1. If I filter segment 148-157 for residues that are crowded, with 22+ Cβ neighbours inside 10 Å and either closer than 16 Å to GLU7 by Cα or without any contact (Cβ under 8 Å) to a residue 40 or more places away in the chain (or both), do I get at least one hit?
2. Might you check whether a residue that is more than 30 Å from ILE10 (Cα to Cα) and buried (at least 20 other Cβ atoms within 10 Å of the Cβ) occurs anywhere in segment 182-191?
3. Those residues that are of a type outside the set (A, V, I, L, M), in contact (Cβ under 8 Å) with a residue 40 or more places away in the chain and surrounded by 15 or more Cβ atoms within 10 Å (Cβ to Cβ), I need them from segment 79-95; list them, please.
4. Examine segment 125-136 for a residue that is in contact (Cβ under 8 Å) with a residue 12 or more places away in the chain, closer than 27 Å to VAL194 by Cα and out of contact with any Ser or Thr (no Cβ under 7 Å at 6 or more places or on another chain), and state whether such a residue exists.
5. Just a yes or no: is a residue in segment 96-111 among the acidic types (Asp, Glu), surrounded by fewer than 21 Cβ atoms within 10 Å (Cβ to Cβ) and within 30 Å of GLU160 (Cβ to Cβ)?
6. Taking segment 93-107 on its own, how many of its residues are more than 16 Å from the chain's Cα centre (by Cα) and of a type in the set (Ser, Thr, Tyr)?
Amino acid sequence: MLVEINESNIDKRLITDIVKELKKGEIIIYPTDTVYAMGCDLMNKKALEKLSKLKEVRLKQAKFSIICKDLSQVSDYVKQVNRPTFKLMKQTLPGPFTYILNATNEVTRLFNAKRKEIGIKIPDNDIVLSIVEELGNPLVTTSLHDNEDDLMDYFTDPYEIYERFDDKVGTIIDGGYGKLEASTILDCTDDHPVVIREGVGKIE
């Protein structure tokens, strides 16, 4: 099902319907502030298994990140970060960054794996942030790669996404064209942040 949502005028009823689908264990595809992504309810084990199957990876090996609504929610899933990292996160989030941080035991329990790290995102996109807020906990997220296109790594057109994934996921959100470049990844598991991948996000 393809649902059109205007980021500047979000219909809350559509958000409520999408959250109901997530709580039932459905996978959704949605816009972020970079590329389109697919994800599910962090608290739904069946959905996590379904997402892993779609990505053709075992859940224990999956390098999924989570989307949080704000920094206070982040603290539920990561160990305490040092002052410079927290300052950097405050400066850059919401924004096109993925922070690799030291995970709490809660993450180990949810993913049924001894995960020491977790990727954290707070995209600057009101559609996905509205979903996370209504859901009440983070979304598990993974970028939507286009493995069939030799020129482009990611999908940009929601209608092309619909044609390719309609039979595989519950809801596809058309939030306009996506970007071609993914988020910047920063490894902050140690004292000093290390850029793992340079993407849309720029650090001054």
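1. No, segment 148-157 contains no residue that is crowded, with 22+ Cβ neighbours inside 10 Å and either closer than 16 Å to GLU7 by Cα or without any contact (Cβ under 8 Å) to a residue 40 or more places away in the chain (or both).
2. So far as segment 182-191 goes, yes, one or more of its residues are more than 30 Å from ILE10 (Cα to Cα) and buried (at least 20 other Cβ atoms within 10 Å of the Cβ).
3. THR85, THR92, PRO94, GLY95 - these are the residues of segment 79-95 that are of a type outside the set (A, V, I, L, M), in contact (Cβ under 8 Å) with a residue 40 or more places away in the chain and surrounded by 15 or more Cβ atoms within 10 Å (Cβ to Cβ).
4. yes
5. No: zero hits.
6. 1
Taken together, the values in this text are just the output of simple stated rules run on the coordinates, not laboratory data. Since the structure is predicted, the reported quantities are computational estimates derived from the model, not experimental observations. All Cβ positions, glycine included, derive from the backbone under ideal geometry; neighbour counts span all protein chains shown.
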